Structures are given as C-alpha cells and as structure tokens.
1. I'm checking my understanding of the structure. Among residues of the stretch A:11-51 that are assigned to a loop (DSSP other than H, G, I, E, B), over 13 Å from A:Lys70 (Cα atoms) and out of contact with any Phe, Trp or Tyr (no Cβ under 7 Å at 6 or more places or on another chain), which one is farthest from the other protein chains (Cβ to nearest Cβ)?
2. Being more than 19 Å from B:Ser104 (Cβ to Cβ) and in contact (Cβ under 8 Å) with a residue 60 or more places away in the chain narrows it down to one residue among B:Arg59, B:Arg69, B:Arg64, B:Arg15; which is it?
3. Going by what's in this entry, would B:Ser87 be described as within 30 Å of A:Leu107 (Cα to Cα) and more than 13 Å from every other protein chain (Cβ to nearest Cβ)?
4. All but one of (1) more than 14 Å from every other protein chain (Cβ to nearest Cβ); (2) open to solvent by 30 Å² or more (accessible area, probe 1.4 Å); (3) in a strand (DSSP E or B) hold for A:Ser68; state the number of the condition that does not hold.
5. Please go through the stretch B:51-79 and pick out each residue that is touching a Phe, Trp or Tyr at 6+ places or on another chain (Cβ under 8 Å), outside any strand (DSSP E or B) and away from chain A (no Cβ under 11 Å).
6. Just to be sure I understand, how many residues within the stretch B:51-71 are open to solvent by 50 Å² or more (accessible area, probe 1.4 Å) and more than 14 Å from the chain's Cα centre (by Cα)?
7. Is there any pair linking a residue in the stretch A:4-32 that is aromatic (Phe, Trp, Tyr) to one that is in a strand (DSSP E or B), with Cβ under 8 Å and at least six apart or on different chains, and which?
8. Quickly run through the stretch B:7-50 and pick out the residues that are farther than 19 Å from A:Ala90 by Cβ, of a type outside the set (A, V, I, L, M, F, W, C), open to solvent by less than 70 Å² (accessible area, probe 1.4 Å) and within 14 Å of chain A (Cβ to nearest Cβ).
Amino acid sequence: SQQGEEDPQALSIQEGENATMNCSYKTSINNLQWYRQNSGRGLVHLILIRSNEREKHSGRLRVTLDTSKKSSSLLITASRAADTASYFCATPESGTYKYIFGTGTRLKVLA
Amino acid sequence: DTGVSQDPRHKITKRGQNVTFRCDPISEHNRLYWYRQTLGQGPEFLTYFQNEAQLEKSRLLSDRFSAERPKGSFSTLEIQRTEQGDSAMYLCASSTNEKLFFGSGTQLSVL
C-alpha cells in the first residue's frame, strides 16, 4: 500500500525555474522524508523534516510540512538539468521504522 | 562507508524458476529493508529486519517470497516459482536511524 501520494505525477520545466511538488499522507507521522531517484538507480535521501517543524532548507531545497492537512511540499529553486529525476516522499507507519513511499513526481528540467 | 551493495545487478529467469538476490548493507547499520518497484511506481515495502530479526513482512507478499538476514549482516531475498508478475526492480536499503541508504537494485525479468 502507498501511504503518500505525490502531486503532480509529472512536471516539465525550463532550467532556472522553480519546481514544486506535493505529498499527501494518511496517518500521523513523526517525520517525513524526500528522496530522489535517477532513472534505473536506487533512491538518494534528500531531506528529513520532523513533525514539530514547519519548514526546512538544504541548499536549493525547501521543504514544508503541514500536519493539520497531512501534506508536505518540496521546492527546488533555480532548477538544473541534473535535477531531472523522480522524487518520492516517505513516511513511517506509526510507531515503527517501516517506511512507506509515495507514488512519485517525475521531474524533467529542460536545458 | 562503501554503500549498500546488491548482487546481481540484473537477473533474467524463466517462469517457474527460483531466484535469490543478495544485499550487503552499510556495516553497523542495524536495519535492512527490501522494496519492490515497477516502472512508474514508488517503491513498495516488502519486509524489514532489525539485526537478524524480521520485524514485518508485507501482507501483499505471497509465500513464494522469503527473506533472511543471518547474523544480522547481509540479507538474501528468494523468490520461488517465479511468475511474470514478479518482474520488477528489487531494492535493498539499510539504516541506523531514520535515513535510508539504498543500493542500486536488482532488475528481475521473468520470461
């Protein structure tokens, strides 16, 4: 089962533009993570935000978390062609280290 | 830190055959995860271990799937009597806290 649902499913932008993708989840969480996956490869951890945090930054990444709406957003600023990848949110099932991934957003950055 | 290693990288098998995949986690990581991913979808949870103990196995997983982690080090995932629907990327990840480190995956094709 997929706990998270990303939106949009696919996104195509020009280099230099910002990319925003959203994740909705179903149950209470203590943290939410975002991962990136290049085609045919494993996932790479990008950023973790805890339930008591509303916003977090890491380089060109900005993540927000709204626990009342059970949603998170990932913003990539000044996108580059190398940002082309699929992006997934992941949340733990309550009280466990079992992480459930969303359906993903496929981002394409055009040079 | 040599990363998570998965072997083989690709496996082609005929329907009805058994296959076994191996995952070597980052040393000292006590948790090890197996996920399955099909094209255009997010990783689907299969099972995870804390040290040598298998904590949970997905209810979606048939009895043809079995995983072991002897001595809490490497892990193997075996699929018996493979079916065409088993064709997917099988991903292994390890962790010591909330952040998951993924291997490059084993791509299984069942003919």
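1. Residues of the stretch A:11-51 assigned to a loop (DSSP other than H, G, I, E, B): A:15-18, A:25-30, A:38-42, A:51.
Imposing the further condition that a residue be over 13 Å from A:Lys70 (Cα atoms) reduces the set to A:15-18, A:38-42.
Pick out the ones that are also out of contact with any Phe, Trp or Tyr (no Cβ under 7 Å at 6 or more places or on another chain) and you get A:15-18, A:38-41.
Working: A:Glu15: 24, A:Gly16: 27, A:Glu17: 24, A:Asn18: 23, A:Asn38: 10, A:Ser39: 10, A:Gly40: 8, A:Arg41: 6 Å.
Across the stretch A:11-51, the extreme among qualifying residues is A:Gly16.
2. Working: B:Arg59 fails: in contact (Cβ under 8 Å) with a residue 60 or more places away in the chain; B:Arg69 fails: in contact (Cβ under 8 Å) with a residue 60 or more places away in the chain; B:Arg64 fails: in contact (Cβ under 8 Å) with a residue 60 or more places away in the chain.
Selected residue: B:Arg15, the only one of B:Arg59, B:Arg69, B:Arg64, B:Arg15 that is more than 19 Å from B:Ser104 (Cβ to Cβ) and in contact (Cβ under 8 Å) with a residue 60 or more places away in the chain.
3. On the way: within 30 Å of A:Leu107 (Cα to Cα): yes; more than 13 Å from every other protein chain (Cβ to nearest Cβ): yes.
Against the criterion (within 30 Å of A:Leu107 (Cα to Cα) and more than 13 Å from every other protein chain (Cβ to nearest Cβ)), B:Ser87 qualifies.
4. (3)
5. Of everything in the stretch B:51-79, those that are touching a Phe, Trp or Tyr at 6+ places or on another chain (Cβ under 8 Å), outside any strand (DSSP E or B) and away from chain A (no Cβ under 11 Å) turn out to be B:Arg69, B:Gly72.
6. 8
7. Within 8 Å, the pairs are A:Tyr25/A:Glu5; A:Tyr25/A:Leu32; A:Tyr25/A:Ser71; A:Tyr25/A:Ser72; A:Tyr25/A:Cys89; A:Tyr25/A:Thr91.
8. B:Asp24
The values are calculated or read from the model by the stated rules, or taken from the named source; none is laboratory data. Keep in mind that this is a model prediction, so the values were computed, not measured. Note: ideal-geometry Cβ built from the backbone for every residue, glycine included; neighbour counts use all protein chains shown. Remember, those area values only see protein heavy atoms, side chains included, never the ligands or the DNA or RNA. Shrake-Rupley method; radii C 1.70, N 1.55, O 1.52, S 1.80 Å.
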